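The numbers here are math on the coordinates, done by the rules we state, and not lab data. Only a predicted model underlies this, so the values are computations on that prediction, with no experimental measurement involved. Quick reminder, even Gly has a Cβ in these numbers, built from the backbone with ideal geometry, and neighbours come from all protein chains shown.
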Amino acid sequence: MSRPGFHPPVEHPGRVLVMGATADDPPPGIATIERVVDVSFADSEEELAAGLPETDVLFAWRPRSTWLEPAWDRAGDLKWIQSASAGIERLLFPALVESQVVLTNARGVFDEAMAEYVVALMLLFSKGLLGVLERQRRREWEHRDTETLRGKRALIVGVGSIGRAIGRRCGELGLVVKGVGTTARPGDDVFRSIAGADELSDSGGWADFVMDVLPGTPTTTGVFDAGVFGAMTPTTRFINVGRGSTVDEGALVEAMREGRLAGAALDVFEDEPLPAEHALWDLPNVVVSPHMSGDFAGWRETVVELFVDNLRRYLTGEPLRNVVDKTRGYVPS
């Protein structure tokens, strides 16, 4: 098993292999490391398998376990993988989890962009903008009062760095903010209180907005099920910017059809792209967006900057940033 913070001494920098990119279309800014280490690229499963032997560092620009797992027996010298994504479930497989290869992710890069996106969705619902746009298309003038966010209750399920960024934004807008984490613990400067995962249903019934910011792990699969949606109120809006695997989409569709939720905004799905025939496309008061909540202009450069800093740390023997606990599937707070 890998140890959080494990950083092997580096006598020979060896080679960095960039997964999911080419020399003609490299990650922006990656050339800055070429004077220090050898850099090569793999944009297919075959190229990855050919490049892994004697590779020390893998930069998973486009994380794909379907490429890496079949070639894993060729990764004898691999010591560290940097993922360009905050979520790493697309990269994990049993042999990697059990190995001493260190895995780091892009935690922190997408937090503020995702928090702003969630606030935009909350405003869209509270100001009735879906209806405004629909009536505009029909050229209908219909005045309506709107809701204010101040005083509303926000439950953030997943209290890592993204959840905390969302919580801070909600607090600035005057919402009452609570969280749900793995275990219950006292509140802090962001969350009035933090309930345990076993209290999700009870907590959901308290909230006006429920934000799913959970990572995709075996323990979070399908946690938003019929029971959890059934515990919410008919005025609750559900927002998912975590992972699609955390939601029973059939249960969500049924809850929306029966009017047991006031709205849902979904940026992630069990299958992506969302199939054209999926019921979520046509349900009223549902927002479907194509996994874009964190993708701000400049995120690619920021991820490369994180990798370059971590590579410097790796080469000088300093602790790496964002070391993932591979058994949990996320960076421990």
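A few notes on this one:
- Assigned charges on the beta-carbon of Lys, Arg, Asp, Glu; segment 162-312 dipole about Cα centre (debye): 540 debye
- Förster radius 45 Å - calculated FRET efficiency between S201 and V97 (Cβ-Cβ, nearest 0.05): 0.90
- Axial C-alpha extent at least 18 Å, average Kyte-Doolittle at least 0.0 - helices from the chain (DSSP): 111-126
- The structure-derived value of semi-axes √(5λ) of the Cα gyration tensor in Å appears in the list [x] 39, 21, 19; [y] 46, 25, 17; [z] 44, 21, 18 under the label [x].
- Amide hydrogen neighbours beyond the local backbone of W80, cut-off 5 Å, H modeled: L58, V102
- For the residues D111, D145, D212, a GNM of the chain with alpha-carbon springs under 10 Å puts the largest fluctuation on D145.
- In a DSSP loop and with at most 14 other Cβ atoms within 10 Å, the GluC sites (Glu not before Pro) in segment 267-333 are E277.
- Rg ratio for segment 1-143: its Cα radius of gyration over 2.2 N^0.38 Å, N being its residue count, equals 1.47.
- Using a simple spin-label model with pseudo-atoms 7 Å out from Cα toward Cβ, T327 and D271 lie 3.5 nm apart.
- Available extension along the chain between E112 and D38 is 23.3 nm, counting 0.36 nm per residue and deducting the alpha carbon span.
- q = 0.19, 0.23 Å⁻¹: log10 I(q)/I(0) that the Debye formula gives for segment 85-173, counting C-alpha atoms only: -0.92, -1.10
- The lysines whose alpha-carbon is closer than 25 Å to the alpha-carbon of K326, local same-chain residues fewer than 8 away aside, are K79.
- Longest exposed-site-free window of the chain, the sites being trypsin sites (Lys or Arg not before Pro) in a DSSP loop that have at most 10 other C-beta atoms within 10 Å: 151-333
- Karplus 3J(HN,Hα) series, Hz, for segment 284-290 with 6.51 cos²θ - 1.76 cosθ + 1.60 (x for Gly, Pro): x, 6, 10, 10, 10, 10, x
- Dipole axis of segment 111-288 (+1 Lys, Arg; -1 Asp, Glu on Cβ), positive-most option in L124, T221, V241: L124
- Summing Cβ point charges (Lys, Arg +1; Asp, Glu -1) relative to the Cα centre of segment 194-276 gives a dipole of roughly 200 debye.
- Backbone HN-Hα couplings from phi across segment 220-237 [Karplus 6.51/-1.76/1.60, Hz, Gly and Pro as x]: 9, 4, x, 5, 8, 10, 4, x, 5, 5, x, 7, 6, 9, x, 9, 6, 10
- Taking label points 7 Å from Cα along the Cα-to-Cβ direction, E254 and E301 give a separation of 4.9 nm.
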